[in-house]
Every structure is written in C-alpha cells, then in structure tokens.
Amino acid sequence: MNATHLKFLASPEWAHMVETELLPWVEAAGDLGDEVLEIGPGPGVTTDLLRQRVYRLTAVEMDPSLGAALKERLAGTNVSVIVADATRAGLPAIYFSTAAYFSVLHHMSSADHQDQLFAELNRVLRPGGLFLGQDSFDLEPIRLGHDDDIFTPVDPEELRVRLATAVFGETKTDILGYHFRFVSRKP
C-alpha cells in the first residue's frame, strides 16, 4: 500500500466515514455473533471501531509491519491479530460468525487471489454466517490514489456472481458515490 493511501486509512476522515457510514450499515446487516473475522485491518481504525461492538475479533493483516504494530497495540484486548495472507492463515473451519473487510479487495494481486479469499471465508464461516464488506469503484481519482500500488477493483455486479460461485447466498449491494458495500450470507 502506498504512503498516501496508508495515511488516509489512518486518518480521522476515514474513521469518521467508518463510524457514520459503514458501521451503522454493518450493524443493520444483522447480528455479527460472537466470533468476528476482519480481513486487512491495515492501521486498525476499523478494528478499533469493530472491537467495541463484538465479543471477540480476529484480525488478519498481510503486511508484516502493520500487523506487528496492531498486534502490539491490541495485546490484552478482545482482538487477536494474525500476520498472514488471509487465504493461507490456517484459520479454523466453520468457526466465525461473521467475516468483514473494508477497502481490501482492490489491494489484492488478482481476481484469482480474491476468489481464493472468498473460498477461504466460506470455509471458515459457520452456516448462516455473514460476509460483508466495502470497496472502491474503478474511478480515475481512486486509481490515481493507488499510484505505485496494487489496484484490482471489483465490479459489484461481478462480485455477486463470484460470491455465488464461492457458494454464498444472495448478495445485496449498496452504492455510495465512489464505493459500494455488500452483504452476503453462507447458506
């Protein structure tokens, strides 16, 4: 992740957006349950806000420096931080009540890598478990913000098909300007 994007994801602006736009929507999606999985917490703004609303949170961060800092900062809380690629983190099967990510998919190296994540999340979610997330559209300003960075955007209509292929139930999307939110459920 480039420095500009990382700075935004650690900013009060991002925290405000998560607090006012994303978390009310997350809470309206349904009961998150007792074991929540967050993919790609980055500097942990979303983690800090989620952990106040759930019993136990497991955060999987691929970047070693971000993951180590988050692990140290949240030691002794209701958050466990795993530093790994979420597609190969060794998470237990049929364990989590909800899996969530915020602004992560477009940072993955390819559509195949994203599909591996969908399959893995299906494996680790309990039957009836929620899968929800938020991501950016492929727009020029967003693309420019990812200069010297990976940018693999996902179309929300295509996401519905890909999640169905990964054996998720109906996927509902909500479009908000430059980004979209989705919620799906494991049958």
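No value in this document is a laboratory result; all are computed from the given coordinates. Model, not experiment: these values are computed from the prediction. Here the Cβ positions follow ideal geometry from the backbone for every residue, glycine too, while neighbour counts run over all protein chains shown.
When the stretch 55-84 is filtered for residues that are surrounded by 19 or more Cβ atoms within 10 Å (Cβ to Cβ) and more than 17 Å from HIS107 (Cα to Cα), the ones remaining, listed by number, are LEU57, THR58, LEU70, LEU74, VAL79, VAL81.
Every condition in (1) within 13 Å of the chain's Cα centre (by Cα); (2) touching a residue at least 60 places away in the same chain (Cβ under 8 Å) is met by MET108 except one, and the failing one is (2).
So that you can scan it fast, the table gives a plain yes or no per residue for (1) out of contact with any strand residue (DSSP E or B) (no Cβ under 8 Å at 6 or more places or on another chain); (2) of a type in the set (A, V, I, L, M):
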{"position": "GLN114", "(1), (2)": "yes, no"}
{"position": "GLU140", "(1), (2)": "yes, no"}
{"position": "ASP149", "(1), (2)": "yes, no"}
{"position": "PRO156", "(1), (2)": "no, no"}
{"position": "ARG162", "(1), (2)": "yes, no"}
{"position": "VAL167", "(1), (2)": "yes, yes"}
{"position": "PHE180", "(1), (2)": "no, no"}
{"position": "PRO187", "(1), (2)": "no, no"}
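Counting only helices (runs of 4 or more DSSP H) that sit wholly inside the stretch 4-64, those with at least 1 residues that are at negative phi and touching a residue at least 40 places away in the same chain (Cβ under 8 Å) are 23-28, 45-51.
Applying the set (1) within 14 Å of the chain's Cα centre (by Cα); (2) closer than 23 Å to PRO24 by Cβ to GLN114 leaves exactly one unmet item: (2).
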